[in-house]
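The values are calculated or read from the model by the stated rules, or taken from the named source; none is laboratory data. What you see is a predicted model; the values in this text were computed from it and never measured. Cβ placement follows ideal geometry from the backbone for every residue including glycine, while neighbour counts extend to all protein chains displayed. Please note that ligands, DNA and RNA were not included when accessible areas were found on the heavy atoms of the full protein model with its side chains. Shrake-Rupley method; radii C 1.70, N 1.55, O 1.52, S 1.80 Å.
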Amino acid sequence: MPLKEKIYWHDTVKMPTGEILNDLPSSIDLAVIGSGIPGLASARQLARHGISVIVLEAETIGGGASSRNGGMALTGLKLDAEVVAARYGVDLTRQLFDDSIASLNTVEQIITQEQIDCGFARTGHLLLANKPAHYTALQHEAEWYAQHFNHPTRLVPRSELSSEIGSEVYYGGLVDETSAGLNPAQYVAGLAQAAERAGVKLYSSTRLNQIEKVSSGFKLKTSRGELIAGRVLVATGGYTGAATPQFQRRIIPIGSYIIATRPVPEDLARQLIPHNRMVFDYKHFLNYYRFSKDQRMVFGGRAAFFPETSSTIRTSARILRDEMVQIFPQLKDCEVEYAWGGTLDFPFDQMPHTGQLDGIYYTLGFAGHGVALGTHLGVRMADAIIAGTVGELPYNAYPFPNAPLGLYNGKPWFLPLIGLWHRILDWLY
Ligand SMILES: Cc1cc2nc3c(=O)[nH]c(=O)nc-3n(C[C@H](O)[C@H](O)[C@H](O)COP(=O)(O)OP(=O)(O)OC[C@H]3O[C@@H](n4cnc5c(N)ncnc54)[C@H](O)[C@@H]3O)c2cc1C
């Protein structure tokens, strides 16, 4: 069977189309730019509170990272708690990690309220040590969670790891039962429908090209005409572009790639991941994997750092298959059916950012942790806009940095260097 360069999840749901033919309104209370998870979660929440909201989407509704990801709704941030605490102190770290843990309840509540059929299941996550030193780091992380966040996690030493994973390559792991898995395309399609039911108008194929401050708010120049928005919320993730240069300078677009095998027999799937957890490892060039509802191994990684093209997808598919078979020799005869890529939004500090800059609201910088946290911060941002308390969100307590020395204007010339640096770090630590 030839490899399909296609997003597997998109074959499991009809993605929403949004308004393509209707004209844009001439004015609106609030315009959300970008129809991914945070944009749609905000739009829905704002509309439920009586605010008239539109979502402008350059491509297709939910078609960015939000429907291409691994579908892992995770606790925690990109960085370890200890690293965050060393930078910003224990109190702020506690607020941020509490939010990440609360984000799972927000996702579950929305799915239940809106009856989104996306296979949400609290099967937990398993973080694996690729080296003995990683297991020591996981021990610290577990202590932090227990001591500072009152959040239980469970360490699994190498001798007991076969109860969690059918692979010999790891040195131990950490289980967090709070995390969950879902089908991301079904989730984001359900969020879009929920936003529409709340009164939001979604405009696909409508790219924001320029924002101009005017007395009544902002003049938005789009690929389908102009409109005035009283307020604007930017949620453009890794696809943030020249229309918002102040955000483009702060976000590095980094590619991440996934393959999905043909379905495997149920007993093999349970041998490889007995509790059906969301699994990822501790490397900088990390791998993440899980089974889909129809028992495909969905295996992702940062095989190439550049955003997706047909060539990076094909190269990544080969690299990912080799890594998968190295971890699970049991899959050596299992055909890969799908391969695709998506773009992550990495801020320079690898921290999530939600606030206001030049009068424009933003929710950006999830660094591969946006399924649950993106939903939660979308809702929190909407509530804060309504209450006039955006400045009080804990995400304002630390800066949203530009590139060091201003050496970046949106063209990530340094990606090969970051890739090389990560390989060196993986070799050293
Ligand atoms: C391959 C991959 C795997 C991942 N796996 C996971 C995972 O398992 N768990 C997890 O928590 N996170 C994961 N992530 C990250 C997660 O998908 C994102 O954090 C989350 O979807 C962010 O949503 P977003 O709305 O910010 O970005 P997106 O979903 O990318 O949406 C941004 C949208 O903005 C639109 N846009 C951009 N510019 C404009 C403009 N000028 N005008 C109008 N629209 C515009 C884009 O077209 C796009 O649709 C993964 C990401 C990728 C790429």
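When the helices of the chain are scored as -39500 (n - 2.57) per DSSP H run of n ≥ 4 and the total is divided over every residue, the value at 222 nm lands at -10500 deg cm²/dmol.
Sorting the Cα pairs of segment 134-231 by distance into bins of 10 Å, from 0 upward, gives 12, 21, 18, 14, 22, 12, 1 percent per bin.
How charged is the neighbourhood of His140? Take every other residue with its Cβ under 10 Å from the Cβ of His140, and add Lys/Arg as +1 and Asp/Glu as -1.
On the way: positive: none; negative: Asp80, Glu82, Glu141, Glu143.
Neighbourhood net charge equals -4.
Using only the alpha-carbon atoms, how far is helix 132-148 inclined from the longest principal axis of the chain? Give it as 0 to 90 degrees, nearest 10. Once rounded, one gets 50 degrees. Net charge dipole, the chain: roughly 800 debye, given to the nearest 20, about the Cα centre with Cβ charges of +1 for Lys and Arg and -1 for Asp and Glu. Between amide H atoms placed 1.01 Å from N, distances below 5 Å from Arg231 occur with Leu30, Ala31, all of them 5 or more places distant or on a separate chain.
With all protein chains present, how much of the accessible area of the chain (probe radius 1.4 Å) comes from carbon and sulfur, to the nearest whole percent? Solvent-exposed carbon and sulfur of the chain make up 53 percent of the total.
Where does helix 370-387 land angle-wise versus the long Cα axis of the chain, in degrees 0 to 90, nearest 10? The angle comes out near 30 degrees.
Largest GNM mean-square fluctuation among Glu392, Glu143, Glu114, using the chain with Cα springs under 10 Å: Glu392. Taking all protein chains as they are arranged and a probe of 1.4 Å, the heavy atoms of Ser162 leave approximately 90 Å² accessible to solvent. Which aspartates and glutamates have a Cα less than 18 Å from the Cα of Lys213, not counting those fewer than 8 places away in the same chain? Filter leaves Asp29, Glu226, Asp358. Remark on Leu344: its backbone amide H falls under 5 Å from those of Ile254, Gly255, Ser256, a criterion applied only to residues 5 or more positions apart or on other chains, H modelled at 1.01 Å from N. Comparing mean-square fluctuations of Ala73, Ala387, Ala31 from a GNM of the chain with C-alpha springs under 10 Å, the top value falls on Ala387.
Considering segment 225-319, its Cα convex hull presents a mean projected area of 9.9 nm². Under 22 Å of direct C-alpha separation, and excluding same-chain neighbours fewer than eight residues apart, Lys4 reaches these lysines: Lys14, Lys293, Lys332.
State whether segment 1-124 is rounded, prolate or oblate according to the following rule on the C-alpha gyration tensor (a ≥ b ≥ c being the square roots of its eigenvalues): a/c under 1.5 gives rounded; otherwise a/b larger than b/c gives prolate, and the remaining case gives oblate.
Details: a/c = 1.93, a/b = 1.29, b/c = 1.50.
Oblate.
When the chain is treated as a GNM, springs tying every alpha-carbon pair under 10 Å, which of Leu373, Leu30, Leu364 comes out with the largest mean-square fluctuation? Highest fluctuation of the listed residues: Leu30.
Take segment 50-117 with all the other protein chains still there, run a 1.4 Å probe, and you get 38 Å² of accessible area per residue. Against the main long axis of the alpha-carbon atoms of the chain, helix 90-113 sits at an angle near 80°. Under a 5 Å amide H cut-off, with hydrogens placed 1.01 Å from N, Leu202 pairs with Glu19, Val55 among residues at least 5 apart or on other chains.
Net length available on complete extension from Arg207 to Val90 is 38.0 nm, with 0.36 nm assigned per residue and the Cα-Cα distance removed.
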